[in-house]
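What follows is a single structure, written as structure tokens, with notes after it.
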Amino acid sequence: MKPLPILLAAAALSLSAAVSAASAAHEAVVYKQPYCDCCEGHIAYLREHGYTVQVQVLQPAELARLKQQAGVDPDLASCHTTLIDGYAIEGHVPVAAIERLLRERPAIRGISLPGMPAGAPGHPGQRSGPLVVMELGAPGQAREFMRD
């Protein structure tokens, strides 16, 4: 084999490894109530975007305790809570916001898409405007994280 093809093959292998590492799935644990179908939509959305997802089904009181422990302000709550790399992801948060959070690693508890807005990832309906993702910071001090 000539040196150039060997170098090209090595470069291709290196690039392939780099792409695999860059797209390596983050592990996500989704905590949801037993009969929430929209949560299943967001779980499928995360998997479609390369996340490895475990699902834990909790009764409403258990989920409320988990949200409180994760620092989810009741005003920013949604139907399910996901834990990824030490952050709480509340509700149908777009992957763009999750990836920004994981890339920048700010000193916050996590992010939330409050409520259940139509057209949010994994949620039926048509969007009526941008999705406003909020920071989970100090209790009662909601700040915008990003719009999608």
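The values are calculated or read from the model by the stated rules, or taken from the named source; none is laboratory data. Keep in mind that what you see is a predicted model, and the values were worked out from it rather than measured. With ideal geometry, Cβ positions are generated from the backbone for all residues, glycine too; neighbour counts draw on all protein chains shown.
Need the failing condition index for Q69 against (1) within 16 Å of S112 (Cβ to Cβ); (2) in contact (Cβ under 8 Å) with a residue 40 or more places away in the chain; (3) surrounded by fewer than 13 Cβ atoms within 10 Å (Cβ to Cβ), just the number.
(2)
When A142 is evaluated against the numbered criteria (1) under 20 Å from E48 (Cα atoms); (2) in contact with a strand residue (DSSP E or B) (Cβ under 6 Å, 6 or more places away or on another chain), which criterion, by number, is the only one it fails?
(1)
What about A118, is it surrounded by fewer than 22 Cβ atoms within 10 Å (Cβ to Cβ), in contact (Cβ under 8 Å) with a residue 40 or more places away in the chain and under 20 Å from G41 (Cβ atoms)?
Numbers: surrounded by fewer than 22 Cβ atoms within 10 Å (Cβ to Cβ): yes; in contact (Cβ under 8 Å) with a residue 40 or more places away in the chain: no; under 20 Å from G41 (Cβ atoms): yes.
No.
Can you find, within segment 129-143, the residue that is surrounded by the most Cβ atoms within 10 Å (Cβ to Cβ) among those that are among the small types (G, A, S) and either touching a Leu at 6+ places or on another chain (Cβ under 8 Å) or modelled with pLDDT of 90 or more (or both)?
A142
For segment 98-138, what are the residues that are among the basic types (K, R) and in contact with an Asp or Glu (Cβ under 9 Å, 6 or more places away or on another chain)?
Result: R105, R109.
Picking from H92, H123, which residue would you name as being surrounded by 18 or more Cβ atoms within 10 Å (Cβ to Cβ), touching a helix residue (DSSP H, G or I) at 6+ places or on another chain (Cβ under 6 Å) and at pLDDT 95 or above?
Answer to the selection: H92.
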